[in-house]
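Asks: So that we are looking at the same thing, I have put the structure below in structure tokens.
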Amino acid sequence: FGPIHWHTLDGRAVVVATGEAGVGQVLETHYPAGAHGSKRSGASFVTKLPPLQEYYLTYRIRFSDGFPFTRGGKLPGLSSSGSEFTGGRLPPKTGGWSARYMWRRGGYLELYLYHPNMKGPTGDRISLDFRCVPSTWYTLTQRIKVNDPGEANGSIQVWVDRKSRLDLDGLHLRGNNVGLIDSFLFSTFFGGGTKSWAPESACSIQFDHFAISESRPNFERAQVQE
């Protein structure tokens, strides 16, 4: 991942060998029973990117066998200003955003978006109309193109297993001095801010094939492992 700007790992993020043909090593994050929030569950870090108006982020993900989805949790995405616009810290009207994912009850996926015009105090939740099941690999791809200063012409697209699941436009994400895409926000944990989000049993998620690019990835090469 190159230089890490900051991290909260605490032994809950490890590289493991799966022993599976065509998979090899993966990054595995761990979520202790009864734990929620970024300090006690999962792992977080920020990798800085050269600031640009457009990026694609792709990675593969697999929830462990019997994964207890509970009320939900966070998954990585692109952002401006690292993790500044998360955790109830609202972006100013002048610009700033983060575009993580969430899993919800039953494994349903959402885009979890902080932006200057968000409707509530903790981000907008936008359904991807897709349900993950444990022990299965999925490929998530997001394209972020921030707006030109003074215009509401930003856009976000999401694909799951190369199929379009979200296409938003008319977004105001960037101002004159803040809002270019400058960070990969690896952020994954159960929560939510109360214990009702915590899993009753320990579990894990595996990540693989991270790619951040300025142009559309070749989806034909992003094969899903059955």
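The values are calculated or read from the model by the stated rules, or taken from the named source; none is laboratory data. Values in this document were obtained by computation on a predicted structure and should not be read as measured data. Ideal geometry is used to build each Cβ from the backbone, glycine not excepted, and the neighbour counts take in all protein chains shown. Just so you know, the surface numbers come from the protein's heavy atoms only, side chains and all, with ligands and any DNA or RNA stripped out. Shrake-Rupley method; radii C 1.70, N 1.55, O 1.52, S 1.80 Å.
Asks: GLU20 to ASP167: extension gain in nm, 0.36 nm per residue of separation minus the Cα-Cα distance?
Replies: Working: separation 147, 0.36 × 147 = 52.92 nm, distance 3.43 nm.
Length gained, GLU20 through ASP167: 49.5 nm.
Asks: Enumerate the whole-percent occupancy of each 5 Å bin, from 0 to the last occupied one, for all C-alpha pair distances of the range 47-125.
Replies: Using 5 Å bins, I get a P(r) of 3, 14, 23, 22, 18, 12, 6, 2, 0 for the range 47-125.
Asks: With Rg and the Kirkwood Rh both taken from Cα atoms, where does Rg over Rh land for the range 146-226?
Replies: Taking Rh as the inverse mean 1/r over Cα pairs, Rg/Rh reads 1.05.
Asks: Counting only protein heavy atoms, what percent of the accessible surface of the range 1-96 is carbon or sulfur at a 1.4 Å probe?
Replies: Of the solvent-accessible surface of the range 1-96, carbon and sulfur hold 56 percent.
Asks: For the chain, what is the relative contact order in percent, using Cα pairs closer than 8 Å and at least 6 residues apart in sequence? Write down the numbers at each step before the final one.
Replies: On the way: 625 pairs, mean separation 70.2, N = 226.
Relative contact order, the chain: 31 percent.
Asks: Let me ask something additional. Any lysines with Cα under 23 Å of the LYS195 Cα? List them, leaving off those in the same chain fewer than 8 positions away.
Replies: LYS39, LYS74
Asks: Contour minus end-to-end for PHE1 and ALA211, with contour as 0.36 nm per residue of separation and end-to-end as the Cα-Cα distance?
Replies: Separation in residues times 0.36 nm, less the Cα-Cα distance, equals 74.6 nm.
Asks: Here is a follow-up. Using the Cα atoms of the range 1-58, I'd like the radius of gyration and the largest Cα-Cα distance, Dmax, both in angstrom.
Replies: My reading of the Cα-based Rg and Dmax gives 14.5, 40 Å.
Asks: Sorted by average packing, counted as other Cβ atoms within 10 angstrom per residue and highest first, what order do 41-49, 66-74 take?
Replies: Ranking, from highest mean packing down: 41-49, 66-74.
Asks: Under a Cβ-only charge scheme (Lys and Arg +1, Asp and Glu -1), can you give me the dipole magnitude of the chain about the Cα centre, in debye to the nearest 20?
Replies: 540 debye
Asks: A further question follows. Among GLN25, GLN142, GLN206, which one shows the biggest mean-square fluctuation in a GNM of the chain, springs joining Cα atoms closer than 10 Å?
Replies: Sorting by GNM fluctuation, first place goes to GLN25.
Asks: If you keep only loop residues by DSSP, which GluC sites (Glu not before Pro) in the range 1-89 have at most 14 other Cβ atoms within 10 Å of their Cβ?
Replies: GLU20
Asks: When all C-alpha to C-alpha distances in the chain are sorted into bins of 5 Å, what percent of pairs does each bin hold, rounded to whole numbers?
Replies: Cα pair-distance distribution for the chain, in percent: 1, 7, 15, 20, 21, 18, 11, 5, 2, 0, 0.
Asks: Cross-link candidates for LYS163: which aspartates and glutamates have Cα within less than 12 Å, leaving aside residues fewer than 8 places away along the same chain?
Replies: ASP129, GLU220
Asks: Straight-line reach from LYS93: which lysines have Cα under 17 Å away, leaving out those fewer than 8 places along the same chain?
Replies: Within the straight-line limit of under 17 Å, LYS93 reaches these lysines: LYS119.
Asks: Then there is this: At 1.4 Å probe size, with every protein chain present, just tell me what the per residue accessible area of the range 1-150 comes to in Å². Walk me through the intermediate numbers first.
Replies: Numbers: 6260 Å² over 150 residues.
It amounts to 42 Å² per residue over the range 1-150.
Asks: Going by amide H atoms built from the backbone, whose H comes under 5 Å of the H on THR47, apart from near neighbours?
Replies: It is HIS5, PHE184, PHE186, by chain and number.
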